[in-house]
Every structure is written in C-alpha cells, then in structure tokens.
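Undergrad: This is the structure I have questions about; it appears just below.
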Amino acid sequence: MASLMKASRTECRQLSHVYSGKPAPGEVNVELAAGEPIGLVGPNGAGKTTLLNILSGFLLPTHGAVKLFGYPPGAPELIGSLGTSAGRTKDPGFTIGEQLVFYGCLQGMAKP
C-alpha cells in the first residue's frame, strides 16, 4: 500500500451514474492527494452512496472517469488498499463478521 500512497491521488472527472434518467451524484469533479481525509455530506438521494459504490468498484459510472492511485476502481492492484463500510446491509441478519467477509470477498480477498 505504501507504494500506492506515493504513486498518485484520487481523481473524479465528470463522474455520475444515471438512475431512471436522473444522475446521482450530479457531476463530480474532485482531486484528492493520497492520505487526504474527505467527508461526504448531503441530503438523502444526493448520490453519496452511489459515489462510494463507484469508487469501491461495486458500480460502474454511467458518465465520467475515476482513478484511485492511478488505477480504475476494482483493479487488482487496489486489493487490500481500499475499504468501505456499508451503513446498512441488504440482509439485516448479517453479523459484523459476515459483513466483513462478504465485502472482503467482493474485493477479491480470500475468506480466511
């Protein structure tokens, strides 16, 4: 991960995803230096979760481009370097451990 942190930054250019004809988030243009903290604030439906899903590689953008440390979301080089924490799960019966295993497997990590 140290080599990734030195390598680059996160860049979003005209990034959005369209749901039923409506873009969410609008059009994101942002550049962040490696290690720079960020917070997403906005009303329900503003596109915060959609943006995180795109950055995590769980959802493809409809428009625009994104690079994380110089790689597209979901690239094998990013495995073990990024993480997300869902505010809710689709299955309320998931324990914290089951959620970690589930999201880790989505990122290509082995179950153990």
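The values are calculated or read from the model by the stated rules, or taken from the named source; none is laboratory data. This is a predicted model, so every value here is computed, not measured. FYI the Cβ positions are ideal-geometry reconstructions off the backbone, even for glycines, and counts take in every protein chain you see.
Undergrad: Is region 34-55 home to any residue that is part of a loop (DSSP other than H, G, I, E, B), within 14 Å of the chain's Cα centre (by Cα) and closer than 21 Å to residue 100 by Cβ?
TA: Within region 34-55, not a single residue is part of a loop (DSSP other than H, G, I, E, B), within 14 Å of the chain's Cα centre (by Cα) and closer than 21 Å to residue 100 by Cβ.
Undergrad: Something else now. Within region 27-43, how many residues turn out to be modelled with pLDDT under 85 and either touching a Cys at 6+ places or on another chain (Cβ under 6 Å) or over 17 Å from residue 68 (Cβ atoms) (or both)?
TA: Looking only at that region, the number is 3.
Undergrad: Collect the residues in region 39-81 that are out of contact with any strand residue (DSSP E or B) (no Cβ under 8 Å at 6 or more places or on another chain) and acidic (Asp, Glu), keeping them in residue-number order.
TA: Selection gives nothing.
Undergrad: Going through region 41-59 one residue at a time, which ones are in contact with a Pro (Cβ under 9 Å, 6 or more places away or on another chain) and exposed (fewer than 12 other Cβ atoms within 10 Å of the Cβ)?
TA: 42
Undergrad: Restricting the search to region 6-26, which residues are among the charged types (D, E, K, R) and modelled with pLDDT under 85?
TA: 6, 9, 22
Undergrad: Here's a follow-up. When only residues in region 70-96 that are assigned to a loop (DSSP other than H, G, I, E, B) and modelled with pLDDT of 85 or more count, which is surrounded by the most Cβ atoms within 10 Å (Cβ to Cβ)?
TA: Taking the candidates together, the pick is 73.
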